[in-house]
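Derivation of every value follows stated rules applied to the coordinates shown; laboratory data play no part. What you see is a predicted model; the values in this text were computed from it and never measured. Note: ideal-geometry Cβ built from the backbone for every residue, glycine included; neighbour counts use all protein chains shown.
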Amino acid sequence: MRTPMIQGVLIVLLILAVASPTSVFAAREMQIQASFNPTQTDRGILVAISGRVFEPNNLSISNAVISIQVNNPEGTSILVAIKYTNPSGAFQDTFLLPPSSPAGNYTAYLVADKPGYETAHLTLAFTYSTPDFSIAPSISTLSLQQGQTGSLTVTILSLRGFNEHVNLTAIDPPSGVTLQFNPSSIVPSGTATVDVVVSNTAEVNNYTVTLLAVSGSLSHKTSFQLRVSSGPFQTEFTLLVVAGIALVVLGALGLMLRSRGRRRRREAVLEELLKQASADTGYVATARVIARLEELRAMGKVDEDTYQRLKKEYEKRLEKSR
């Protein structure tokens, strides 16, 4: 009994679908809105594409697939992306226009898809004609020794008719490194020489040196690698230090050997004197030893402690031998 009833319901629905001007199975309408939002950065123009997908009654559509393609004025694609709408039906993507980008109309083609909805299309246009400039160094790496000076050039190019003064400077150069720009201000297009002075105290290392070009609200950066190695001054200084240490060591060694030699000569003289004293212990011989001891003291061949000790000893002998 249920099967004929179900079949009847399906037939009625089919008849209504065919007879109705708007099919009950038709996909719902979906709309898309979007806009460009350009922002100036030191790398160029950062362009944000933001939008929203919704139903005609303004009900947000989440999880819709948004395909984005952006072409430059020459017809070349510079962005191809897939995004998804959030619970509020919103989506966003960004792309960068470097200062060297061609001027003209940039076109974005947006397509929104979601099962159960009709595909929505939108075309946007963005005109890029803001005057700007670019900066580029002549070399990517500069190698210098401590105490040396080197140079490179930077080129400032005018883009889309830019003709304002551009001021040049360096951002946080390494300690012991000085950069001098000549000239320090340029009206593009033109070049400036950058003299790089490395002091004798600069640390041996590899550095990234960042150059900054500023004109009003516009600014652009570029960089090069600076390799600092040991200079002749450091080598000579090291040699002088080593030579100085060697002279001090040799001098100390010489003094030690000389002192040792004097001590040995003193010991030999005293040994001879003691032999004479032990061979003859008479009064005259002892007096002769004391006189010889006085002579050695006057010549600096016997130290004071030894002199006093021997003098007392032989004066006692002299008293006993009377």
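With Cβ to Cβ distances under 12 Å as the rule, what net charge do the other residues near I61 carry (K, R +1; D, E -1)? Here the charged neighbours net out to -1.
Full extension of the segment from V65 to N167, taken as 0.36 nm per residue of separation minus the current Cα-Cα distance, would add 32.1 nm. Loop-located trypsin sites (Lys or Arg not before Pro) in the stretch 25-126 (DSSP state other than H, G, I, E, B) with a sparse environment of at most 15 neighbouring Cβ atoms within 10 Å: R43.
At q = 0.11 Å⁻¹, what base-10 log of I(q)/I(0) does the Debye formula yield for the stretch 36-164 when every alpha carbon is treated as an equal point scatterer in vacuo? Treating every Cα as an identical point scatterer, log10 I(q)/I(0) equals -0.55. For the stretch 131-178, the Kirkwood estimate of the hydrodynamic radius, built from every pair of different alpha carbons, is 13.2 Å. Restricting the stretch 18-105 to chymotrypsin sites (Phe, Trp or Tyr not before Pro) that sit in a DSSP loop and have at most 12 other Cβ atoms within 10 Å of their own Cβ leaves F25.
Extension gain, H121 to N37: 0.36 nm times the residue separation minus the Cα-Cα distance gives 28.3 nm. Suppose R0 equals 45 Å. What FRET efficiency, 1/(1 + (r/R0)^6) with r the Cβ-Cβ distance, do T94 and T201 give to the nearest 0.05? Efficiency, rounded to the nearest 0.05: 0.50. Charged side chains reduced to their Cβ positions (Lys and Arg at +1, Asp and Glu at -1) give the stretch 24-128 a dipole of some 120 debye around its Cα centre.
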